[in-house]
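Heads up: the structure comes next, in structure tokens.
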Amino acid sequence: MSDRIVAADVIVTSPGRNYVTLKVTTADGVVGYGDATLNGRELAVASYLRDHLAPLLVGRDPARIEDTWQLLYRGAYWRRGPVTMAAIGAVDVALWDVKGKTLGQPVYQLLGGAVRDRVLTYTHASAWEVPALLDAVDARLAQGFRAVRAQSGVPGLETVYGVHRDVASYEPAARGSALVEESWDTSAYLRHAPEALAAVREHVGAGVHLLHDAHHRLTPQQAARLGKALEPVDLFWLEDVTPAENQDVLRLVRQHTTTPLAIGEAFTTVFDVHHLITEQLIDFVRCAVVHAGGISHLRKILAMAEVYQVRGAPHGPSDVSPVSFGASVHVGLATHNFAIQEYMGYPEPVHDVFPHSWSYADGYLHPGDAPGVGVALDEKLAAKFPYESAYLPVARQLDGTLTDW
Ligand code: EZ4
Ligand code: CO
């Protein structure tokens, strides 16, 4: 007789970052974990899981991953959107974890097996001044990274999203109840960014992949200008040049620059990215396991992308929990058009709260060979880190107008 789900519990913990984890338990005693963390809006997904999905899961056959996905997606009537898709993603990853543990196989084997030996990763280096940025990049290269996202301060501004004056890599979500308001000046950024990135390229030479994130702040014309100005820097990619809502504007950007474009961390379904992919408006699709409906749905996005020579490069900030991070590395090992995994690292206690089989070495990741996803949750330790509210900062132009972040 097939196994049955007997419990679906939600655990919220905050070991330096907030994480929402779904724990599925089966009648045979198998436990599967899924990540449902939606940075800054965590409790909305916790409620969606607890109040609306858990009652549907209990009694269901955990082996029926795709059928459960379709039930939760179509059965809601209200489709798509980050809260819904993060909740469905958590269920999907938890069920892949159960299946792997039941069969005694790591998830990448269930996805068809390894197509590469290890998964290329990139990390962050940031600093306010260019000389400090060069030091920050050097420190990352010394850790073995072969690909680095470089972000710098902008002269004349007090603050820049994702750049700290003292810390070389940090996650902008500030814990506490207050919303931080930063300043922004697009003209100053457009003048400074090409200079800063050219200095980084000159410093590291040809053998290092350099990346840069514009965080959705530019108009198409500004994005085209920046892409052109950065062509001599030979970026691996320029990320999120324009706001996410209107994809058609990227046609103009593409007509003007050959700098590769990456977009998709804020997109949650294949239906949201299909124009980007089929019209070849991007080179890398950034959808993450956690926010885009889990392993099953990310694989569909990547299958569509493969036809158009668009490659996968999932979002991996420290607010993607080690559970979906591990799941992403399984997808990376088993998917031909997977290019690179962002790896920002975690505050130290996170590794103890979520013991994991995935590992980093010399610029590459491996999911490990533990059955399932290979990431557990130490519930006792997790309970010592209660939830704290956290908000991503917003930014205002110099006249006080709220800008896209
Ligand atoms: O802004 O993680 O590519 N990485 C990023 C991150 C995101 C935050 C949002 O949760 O853009 O810095
Ligand atoms: Co980004």
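Could you report the range 1-105's accessible area per residue, 1.4 Å probe, as an integer in Å²?
Numbers: 4250 Å² over 105 residues.
Per-residue accessible area for the range 1-105 comes out at 40 Å².
For the Cα atoms of the chain, what angle does the longest principal axis make with the long axis of helix 322-334, in degrees from 0 to 90, nearest 10?
With rounding to tens, the tilt is 80 degrees.
State the volume of the convex hull built on the alpha-carbon positions of the range 55-199, expressed per residue in Å³ and rounded to an integer.
So the per-residue Cα hull volume is 207 Å³.
If the chain between LYS228 and VAL180 were fully stretched, how many nm would it gain, using 0.36 nm times the residue separation less the Cα-Cα distance? Before the final figure, lay out the partial values.
Details: separation 48, 0.36 × 48 = 17.28 nm, distance 3.25 nm.
Stretched out fully, the LYS228 to VAL180 stretch lengthens by 14.0 nm.
Straight-line reach from LYS101: which aspartates and glutamates fall under 18 Å, measuring Cα to Cα and dropping same-chain residues less than 8 apart?
Cα-Cα hits under 18 Å: ASP3, ASP28, ASP35, ASP61, GLU66, ASP92, ASP369, ASP378.
Would you calculate a helix-derived [θ] at 222 nm for the chain, using -39,500 (n - 2.57) for each DSSP H run of n ≥ 4 and dividing by the full residue count, to the nearest 500? Write out the running numbers ahead of the final one.
Numbers: 14 runs with 142 residues, N = 405.
Calculated at 222 nm, the ellipticity per residue is -10500 deg cm²/dmol.
Over all alpha-carbon pairs of the range 269-405, lay out the pair-distance distribution in 5 Å bins, whole %, shortest bin first.
P(r) over the range 269-405, rounded to whole percents: 2, 9, 17, 18, 16, 14, 12, 8, 4, 1, 0.
If eta is 0.890 mPa s and T is 25 °C, what Stokes-Einstein diffusion coefficient results for the range 225-270, Kirkwood Rh from Cα pairs, in µm²/s? The partial results should precede the final answer.
Working: Rh = 11.3 Å.
The Stokes-Einstein estimate is 217 µm²/s.
Using only Cα atoms, find the angle between the long axis of helix 130-142 and the longest principal axis of the chain, and express it within 0 to 90 degrees, rounded to the nearest 10.
40 degrees
Probe radius 1.4 Å, ligands and nucleic acids ignored: give me the carbon and sulfur share of the accessible area of the chain as a rounded percent.
Details: 8300 of 15820 Å².
About 52 percent, which is the carbon plus sulfur part of the accessible surface.
What is the Cα centroid distance between the range 154-193 and the range 220-275, reported in whole angstrom?
After rounding, the separation between the Cα centres reads 21 Å.
Shape call for the range 50-122 from the C-alpha gyration tensor, a ≥ b ≥ c root eigenvalues: rounded (a/c under 1.5), prolate (a/b greater than b/c) or oblate?
Details: a/c = 2.63, a/b = 1.56, b/c = 1.69.
Judged from the Cα gyration tensor, the range 50-122 comes out oblate (a/c at least 1.5, b/c at or above a/b).
Using the heavy atoms of the protein chains alone and a 1.4 angstrom probe, what is the accessible area of the range 275-405 per residue in square angstrom?
Values: 4620 Å² over 131 residues.
Per residue, the range 275-405 has 35 Å² of solvent-accessible surface.
Pairing the Cα long axis of helix 82-103 with the longest principal axis of the chain, what angle in degrees results, from 0 to 90 and rounded to the nearest 10?
The helix 82-103 is inclined about 50 degrees to the chain.
Starting from the Kirkwood Rh over alpha-carbon pairs, what translational D in µm² s⁻¹ does the range 264-330 have by Stokes-Einstein at 4 °C and 1.567 mPa s? Before the final figure, lay out the partial values.
Values: Rh = 11.6 Å.
This corresponds to a translational diffusion coefficient of 112 µm²/s.
The chain: Rg/Rh from Cα coordinates, Kirkwood Rh? List each step's numbers first, then the result.
On the way: Rg = 20.6 Å, Rh = 21.4 Å.
Dividing the radius of gyration by the Kirkwood radius yields 0.96.
Given charges of +1 on the Cβ of Lys and Arg and -1 on the Cβ of Asp and Glu, with all other atoms neutral, how large is the dipole of the chain about its Cα centre, in debye to the nearest 20?
Values: 33 positive and 46 negative charges, 164 e Å.
Dipole about the Cα centre, nearest 20: 780 debye.
Within the chain, what percent of beta bridges assigned by DSSP are antiparallel, to the nearest 5? Don't jump to the answer; show the numbers that get you there.
Details: 24 of 49 bridges.
That works out to approximately 50 percent antiparallel.
Please find, in a Gaussian network model of the chain (springs between Cα atoms separated by less than 10 Å), the residue of PRO194, PRO15, PRO347 whose mean-square fluctuation is greatest.
Maximum fluctuation in the GNM of the chain, among the listed residues, is at PRO347.
Among all the aspartates and glutamates, which ones have a C-alpha under 15 Å from LYS384's C-alpha, if same-chain residues fewer than 8 places away are not counted?
Within the straight-line limit of under 15 Å, LYS384 reaches these aspartates and glutamates: GLU348, ASP352.
What is the diffusion coefficient of the range 353-405 in µm²/s, taking the Kirkwood radius over Cα pairs and the Stokes-Einstein relation at 37 °C with a viscosity of 0.692 mPa s? Before the final figure, lay out each step's value.
On the way: Rh = 15.3 Å.
It comes out at roughly 215 µm²/s.
Enter the mean projected area of the convex hull around the alpha-carbon atoms of the range 1-61, in nm², rounded to one decimal.
Details: hull surface 16.5 nm².
Averaged projected area of the range 1-61's Cα convex hull equals 4.1 nm².
With the cut-off at 23 Å, report for the range 142-281 the share of all Cα pairs above it, as a whole percent.
Working: 3743 of 9730 pairs.
Percentage above 23 Å: 38.
The values are calculated or read from the model by the stated rules, or taken from the named source; none is laboratory data. Computed from a prediction, not measured in an experiment: that's the story for all the values here. A quick note on method: Cβ atoms are made from the backbone with ideal geometry, for glycine too, and the neighbour counts reach across all protein chains shown. Ligands, DNA and RNA are excluded from the accessible area calculation, which covers all protein heavy atoms including side chains. Shrake-Rupley method; radii C 1.70, N 1.55, O 1.52, S 1.80 Å.
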